[in-house]
Each structure stands twice: as C-alpha cells, then as structure tokens.
Amino acid sequence: MQVNSILLSIVYLSVLLMLVTCVTTQAQSAPSCGCCPSERCSGQPVYCSSNVDCDCLMMTVTGGGMCANTVLPCSNLTRCGNDNQTCSVPNTVCVNNTRCGVPVCYPIAQATPKVCPPVVSRYTPTTTTTTTTTTTTTTTVTTRSSNINACLNGALCLNNGTCQTTGSSFFCICHVLYYGPRCEYYGAPDLGIDGILNGTSNSSDPTVENVLNRNNWTNIVAVIDVTGSMKPCAAAVYKWMTLSYERVNKIQYYVFFNDGDNKPDMNKTIGSTGGIYGVDTTNLATVIGVMKTAMYNGDGGDGPENDIEALLYGIRQCPNCSNTILVADNQVTPRDMILLRNVTRPVKVIVCQLAGTPLNTNLINIALNTGGSIHTLEEDIINLSGIPINGTITIGARLYRRTSSGYILV
C-alpha cells in the first residue's frame, strides 16, 4: 500500500509539474500554448474560461481541447478503455492531462458554455491618425470590460476608425484602406466576393438562394461558415437578401464564423474557439462589413470547424428569432458536436459544397438531434426524426440508415 501511495504521488506531481510548466514557459514563436494539451508546450496559456474552476482538457480521440469544470474528484470518474479513447459511460468523452494521472471519461455536461463561460480578451492599443476616404467596412472584436459602454476608451480603434458598442463588445468601423480587429492593417486584401455581391459575377453557390426561395421562412437568425471555399456560399446569403426589399426583414441577425481567427490549431478549445462575428440587419452595409471582417480575420486552419459554438452564440443573440439556419460546409466536420445537446431550437441546415459527394452525416445529425431539417440544392428533408431506428432514407443518390446514435451512410 505504501508503494502504491508513493507511485500515485509521483504521477500526481508529474502532472502538476507539466501544468505549471505550461503556465510559466515563455514561447519564442507561438503566441500561446492555449490549453496546453501537449506534454511539452511553450508559451503562456490562454485560459479557456472566466470560471477559475474550468481548465482545458485534451480529448484523446481528436487531440483538441475541451474547456471543462475540473472540480470533480477522480474517484467519481471512470477510466477510459484500454485504447485510451473509448468510454463506456454515456455522455462522457475520454480526456487526458487531468490531475487523475490517467485518461478518464469526463462528463460532457461539465464542458458547456454555461458551466465554463468563454474568456474574451481586452486590447490596450496606441492611437495613430491617418487621413483617407470615407467608405467604411466593419470589424468585430470582443472586450472583457465591465463597463456598459465598451467604447469609453477612444484608443480602441486605430487609423481614424470609429468604435461602436454592441452589448459588452464593440465594432471598429474602418476606412476602406484599413482592416483588422482595430483597423490596424493597411491594404485590405481582395476576398473575391465583390463581384458576387454587386451582381457582376455568377460564381456564387446557388444552394442558398434555391433553398431560401423554396421556403417562406421569416424572423431568421442565419449562422454562416465563411472559411475557405465557403465564401461564395456566404456571399449568396447577402445577395439573396438584397435582391428585394420585402426580404429585408426575413433575416434578423447574422452570425459569421471562421473557426478561431487564424488561431493555431493546438489552441482551439471546444466551446471557446472564437472567430464568431454577430450583427443585426439594421444596416446592410454594416452586415457586409462584418462578413468581410470575419473573412479577413480567419480562414479555418485545420479541417474541423466550430459550427455548434456559432449556433449557440446566434441563439443567445437573437432569442426571439423563430427560425435558426446553419449554412454549413459539407466537406468538413464540426469540431464541437458534443455541444449539440445545448442547442434548444430546431436547426435548418443548408448544405453547401455538396457537389455529388455523400452528405456529411454529422450535418444530418445536427438536424435530427435538434428536430430540424436538411436542405440541399434540390431537396428539403424535413422528416428525419420520423424515420424509425434501422430505417433508411435516400438523399440525392445516397442511402442513409438511422441508428440509435444517428444517421450513417449505407
């Protein structure tokens, strides 16, 4: 018993030393080590939550971080399977780098934004002045300021940018030659979407326009992936809305997400990856500015993206919106499916980048588990929950079977 006790003490101290090393080590190349899932991590940590009891745990299957409340005693946790990946306990995920010293099955309920509210950053920039033209674009960042007016510090926006509040966050309205979170960069790059927006180019993905024209949805919060090849699809949403005045009031709130604002992949934490930009539709010029800002500030990085985090943000920002739309990329998988249980509204998933490939079953299961629907260029599939277990459904030219854990491709 004494030997076992000594061994456990050694394991505990080793893990503790690893975490302390993560907090104290300075990085030369990377700006931070995020939640420090790796045993050797350099840089200062980006704490994952404003709740001091929350820490970032490494999920052994994906290698990504999960921000979770870590006050549970090890005696209440079950060790992961022999592969150090699987869990026999429902609604848990195998995580490493806990104080328990071994991979354990951690309750997903302890990793929600409600339990571990994401931490946001505050900037302390300097002021510069530049004379330029008056055409504007819009940039969104967040601030930890406890002040109601986040723009009380006039130095938040650079290069004659104008700060505008939105709750506890702020927008920087930048002149046309500047861009960036604080209008700090000169020479806004070409995003390749202006032709789509002004109607001179037909390269937008027609899926969004077809789906919105087929369905008479109103009072919408639209959550839109703007990473990489999704830019034409995102631009198509705005184009559809501006074609007719009667459509203006159909979408009440936009959320554009880019999976972390070019954050290093190792720093992306489920529930607080970031790169999420929200704006209401009061001013359409502001909407296009915010969409472009989301595109400027991040392009996705690794494959998985933070769709569910963005959905939850949109629901919080537009609690009275009666229709929730997710414009999603079929070619990638949401990194944060474990957060789906927190989505309390039906989600209408509009699938872009399908192009004859099988439908991503994770997108089908977002619709299934929220009581929502799937929408492609040619089809509206609204009866997903009506298919019995082991029953099948054809979407496009592919057959999918419903199992106890969701739909799979047959």
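The values are calculated or read from the model by the stated rules, or taken from the named source; none is laboratory data. Fair warning: this is a prediction, and the values are worked out from it, not measured in the lab. Here the Cβ positions follow ideal geometry from the backbone for every residue, glycine too, while neighbour counts run over all protein chains shown. Surface accessibility is based on the protein's heavy atoms, side chains included, excluding ligands, DNA and RNA. Shrake-Rupley method; radii C 1.70, N 1.55, O 1.52, S 1.80 Å.
Here are a few things to note about the model shown:
- For Ile251, the residues whose modelled amide H falls within less than 5 Å of its own, excluding neighbours fewer than 5 places apart on the same chain, are Ile220.
- Aspartates and glutamates with Cα under 19 Å of Lys239, excluding same-chain neighbours fewer than 8 positions away: Asp190, Asp194, Asp205, Glu209, Asp225, Asp280, Asp329
- As a rough guide to protection, the peptides 103-110, 385-392 ranked by mean Cβ packing within 10 Å, highest first, stand as 103-110, 385-392.
- Exposure of Asp265 as accessible area (Å², to 10), given a probe of 1.4 Å and all protein chains: 70
- Over all other residues within a Cβ to Cβ distance under 12 Å of Leu409, the charged ones net out to +3, with Lys and Arg as +1 and Asp and Glu as -1.
- Pairs of Cα atoms farther than 24 Å apart, the stretch 257-348, %: 19
- Between Ala355 and Val176, the FRET efficiency from the beta-carbon distance, with R0 = 35 Å, is close to 0.55.
- Karplus-derived 3J(HN,Hα), 6.51/-1.76/1.60, for each residue of the stretch 74-80, Hz, glycine and proline x: 4, 5, 8, 10, 9, 5, 5
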